[in-house]
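Have a look at the structure that comes next, please.
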Amino acid sequence: MPEASSPATSADAATGAVPRVLSGIQPTADSFHLGNYLGALRQWVALQDTHEAFYCVVDMHAITVEHDPAALRRRTKVAVAQLLAMGLDPERATVFVQSHVPEHAELAWVLNCLTSFGEAGRMTQFKDKSAKQGTSGTTVGLFTYPILQAADILLYSPEPGEGERVLRVPVGEDQRQHLELTRTLAQRFNNRFGETFVPPEAHIPPGAAKITDLQEPDAKMSKSASSPQGIIDVLEEPGPMRKKIMRAVTDTGTEIVYDEEKKAGITNLLRIYSALEGTPIPELEKRYAGSGYGQFKKDLAQIVVDTFTPIRERTYALLDDEAQLDKVLAHGAGRASKVAARTMEIVRDRVGFVGRGH
Ligand code: ATP
Ligand code: LTN
């Protein structure tokens with residue numbers, strides 16, 4: 001986590017004295033899950049206090065796999081409502097929908113033309129997903145997905161100013177390789193066309209970067225890959241939440257100790273407990289010495305329920321007022337567009353596109 005610094009003000013932001021933060025999340029399910037929350041979204045909320053923040057729901061990424069338009073529309077709204085319910089403040093952070101800012105697609109095109117085929121083909125998420133779907137079921141959009149992600153990030157690169165030029169990207173461990181590609185593309189663009197982009201820094205929480213599936217503790221908890229029993233949804237009711245934690249796969253032992261290799265299930269639960277309660281893992285091991293898995297799981301279930309119940313209630317309240325949500329999104333799109341338009345003006349000029357004139 002970054003050191004605490006004083007809250008960003010709009011005056012700081014105007015002089016570039018405040019570091020920037022940008023991240024995105026796909027609206028590919030009816031709820032975010034515990035992995036999304038601990039790996040990424042909790043950091044989004046914390047960083048809005050110390051950074052000029054841009055957070056987008058990446059609906060254009062969500063169509064790289066087959067989708068249903070009505071579901072995408074609904075999930076985009078539910079995603080925004082959850083982000084606000086978790087504590088994003090649309091006055092402090094710019095919260096917007098990616099497709100509202102067409103510069104994302106425009107910059108992605110330019111970056112496509114700077115990325116080699118081999119480089120894109122080495123992305124492990126692409127390799128995993130395309131292997132599952134087969135070549136005919138895999139779109140070119142899925143192949144270029146990380147390049148659109150690079151565009152999402154680099155559009156919000158701070159311009160040279162008096163202050164610190166920092167662009168942080170809070171994400172889980174699985175996004176590290178995409179961030180590396182983004183840094184490479186930023187540097188390549190700068191080398192070819194002149195200093196333009198700040199290579200972004202990944203901001204990955206040490207203890208919660210990879211929350212695993214409750215039923216398969218070696219696999220990532222994932223919207224698309226986890227079974228319903230393996231995933232805890234943010235919007236889930238307390239009953240099923242408790243049941244899933246009580247039934248989480250553990251080993252046949254009884255000791256609550258951290259051991260990634262031999263006790264992957266308990267280790268995952270310890271990480272979740274520690275991240276949610278803010279207690280170091282060795283302290284939890286001491287607290288539960290000799291008490292067995294049942295009590296430990298019961299206490300953890302209570303913490304998870306207590307964390308997500310207010311978020312669930314606020315999400316549904318926000319979804320009841322669609323007009324207000326639309327207003328928030330229009331406001332966010334307006335703010336994001338200003339920055340994106342300015343960056344694209346510079347990019348078009350640097351790559352040699354002729355200005356349109358007035
Ligand atoms: P999908 O399975 O469809 O790829 P996902 O569940 O991995 O989806 P994303 O929308 O890809 O979720 O991820 C949103 C954010 O949550 C990213 O920053 C990602 O790194 C983070 N994240 C996702 N799953 C986990 C996890 N299990 N542990 C920690 N962070 C996670
Ligand atoms: N690929 C990311 C989602 C994403 C993103 C971004 C994350 C799209 N654009 C920009 C950070 C910054 C994922 O979480 N699966």
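Which of the residues belonging to segment 266-284 are touching a Ser or Thr at 6+ places or on another chain (Cβ under 9 Å) and exposed (fewer than 15 other Cβ atoms within 10 Å of the Cβ)?
Pro280, Glu283, listed by residue number.
So that you can scan it fast, the table gives a plain yes or no per residue for (1) more than 11 Å from ligand 2 (Cβ to nearest atom); (2) of a type in the set (A, V, I, L, M); (3) surrounded by fewer than 23 Cβ atoms within 10 Å (Cβ to Cβ):
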{"position": "Glu159", "(1), (2), (3)": "yes, no, yes"}
{"position": "Arg168", "(1), (2), (3)": "no, no, yes"}
{"position": "Gln175", "(1), (2), (3)": "no, no, yes"}
{"position": "Leu179", "(1), (2), (3)": "no, yes, yes"}
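Mind listing just one residue for me: the one in segment 109-157 that is outside any loop (DSSP other than H, G, I, E, B), among the charged types (D, E, K, R) and more than 11 Å from ligand 2 (Cβ to nearest atom) and, of those, surrounded by the most Cβ atoms within 10 Å (Cβ to Cβ)?
Glu119
Here's another thing I want to ask about it. Can you tell which of Tyr37, Tyr55 is part of a helix (DSSP H, G or I), touching a residue at least 40 places away in the same chain (Cβ under 8 Å) and aromatic (Phe, Trp, Tyr)? Explain how you work it out, then say what you get.
Numbers: Tyr55 fails: part of a helix (DSSP H, G or I).
Just a single option satisfies the conditions, and that option is Tyr37.
Next question, about the same structure. If you check Thr196 against the conditions, is it among the polar types (S, T, N, Q) and part of a helix (DSSP H, G or I)? Show your work before the answer.
Details: among the polar types (S, T, N, Q): yes; part of a helix (DSSP H, G or I): no.
When the stated conditions are applied, Thr196 does not pass them.
While we're looking at this one, here's another question. Looking only at segment 280-315, how many residues end up being assigned to a loop (DSSP other than H, G, I, E, B) and polar (S, T, N, Q)?
Within segment 280-315, residues that are assigned to a loop (DSSP other than H, G, I, E, B) and polar (S, T, N, Q) number 1.
Going through segment 40-82 one residue at a time, which ones are touching a Gly at 6+ places or on another chain (Cβ under 6 Å) and over 23 Å from Ala108 (Cβ atoms)? Even if it seems obvious, please write down each step before you answer.
Residues of segment 40-82 that are touching a Gly at 6+ places or on another chain (Cβ under 6 Å), as a first pass: 40, 45, 56, 58, 64.
Correct list: Val45 only.
Does at least one position in segment 23-31 carry a residue that is surrounded by fewer than 24 Cβ atoms within 10 Å (Cβ to Cβ), modelled with pLDDT of 50 or more, assigned to a loop (DSSP other than H, G, I, E, B) and touching a Gly at 6+ places or on another chain (Cβ under 9 Å)?
Checked against the condition, which is being surrounded by fewer than 24 Cβ atoms within 10 Å (Cβ to Cβ), modelled with pLDDT of 50 or more, assigned to a loop (DSSP other than H, G, I, E, B) and touching a Gly at 6+ places or on another chain (Cβ under 9 Å), segment 23-31 yields no hits at all.
Further question: Is it the case, given these coordinates, that Gly194 is closer than 29 Å to Gly332 by Cβ, surrounded by fewer than 17 Cβ atoms within 10 Å (Cβ to Cβ) and either away from ligand 1 (no atom under 12 Å from the Cβ) or without any contact (Cβ under 8 Å) to a residue 40 or more places away in the chain (or both)?
Details: closer than 29 Å to Gly332 by Cβ: no; surrounded by fewer than 17 Cβ atoms within 10 Å (Cβ to Cβ): yes; either away from ligand 1 (no atom under 12 Å from the Cβ) or without any contact (Cβ under 8 Å) to a residue 40 or more places away in the chain (or both): yes.
It is false that Gly194 is closer than 29 Å to Gly332 by Cβ, surrounded by fewer than 17 Cβ atoms within 10 Å (Cβ to Cβ) and either away from ligand 1 (no atom under 12 Å from the Cβ) or without any contact (Cβ under 8 Å) to a residue 40 or more places away in the chain (or both).
To continue, here is another question. Taking segment 60-84 only, how many residues are under 11 Å from Leu325 (Cβ atoms) and either modelled with pLDDT under 95 or among the hydrophobic types (A, V, I, L, M, F, W, C) (or both)?
6
For segment 155-185, give me each residue that is in contact with a Leu (Cβ under 6 Å, 6 or more places away or on another chain) and over 24 Å from Ala46 (Cβ atoms).
Passing the criteria: only Leu185.
I've got another one for you. Looking at segment 233-276 only, could you name the residues that are small (Gly, Ala, Ser) and under 16 Å from Met221 (Cα atoms)?
Passing the criteria: Ala248, Ala264, Gly265, Ala275.
Follow-up. For Ser291, indicate whether it is surrounded by fewer than 15 Cβ atoms within 10 Å (Cβ to Cβ) and modelled with pLDDT under 95.
yes
A further question on this structure: Residues Pro206, Pro146, Pro217, Pro160: which one is in contact (Cβ under 8 Å) with a residue 24 or more places away in the chain and under 18 Å from the mean Cα position of the chain (by Cα)?
Pro146
Next question, about the same structure. Filter segment 199-219 down to the residues that are at pLDDT 95 or above and within 15 Å of ligand 2 (Cβ to nearest atom), then identify the one that is farthest from Thr307 (Cα to Cα).
Pro199
Okay, next question. Please verify whether segment 302-325 includes one or more residues that are more than 30 Å from Arg247 (Cα to Cα), aliphatic (A, V, I, L, M) and in contact with a strand residue (DSSP E or B) (Cβ under 9 Å, 6 or more places away or on another chain).
no
Just for segment 56-68: of the residues that are closer than 15 Å to Asp30 by Cβ and of a type outside the set (A, V, I, L, M), which one is surrounded by the most Cβ atoms within 10 Å (Cβ to Cβ)? Before you say what the answer is, go through the steps one by one.
In the first step, residues of segment 56-68 are kept if they are closer than 15 Å to Asp30 by Cβ; the result is 57, 59, 62, 67-68.
Still in the running and of a type outside the set (A, V, I, L, M): 59, 67-68.
Working: Asp59: 21, His67: 14, Asp68: 9.
By that ranking, first place goes to Asp59.
The values are calculated or read from the model by the stated rules, or taken from the named source; none is laboratory data. Computed from a prediction, not measured in an experiment: that's the story for all the values here. All Cβ positions, glycine included, derive from the backbone under ideal geometry; neighbour counts span all protein chains shown.
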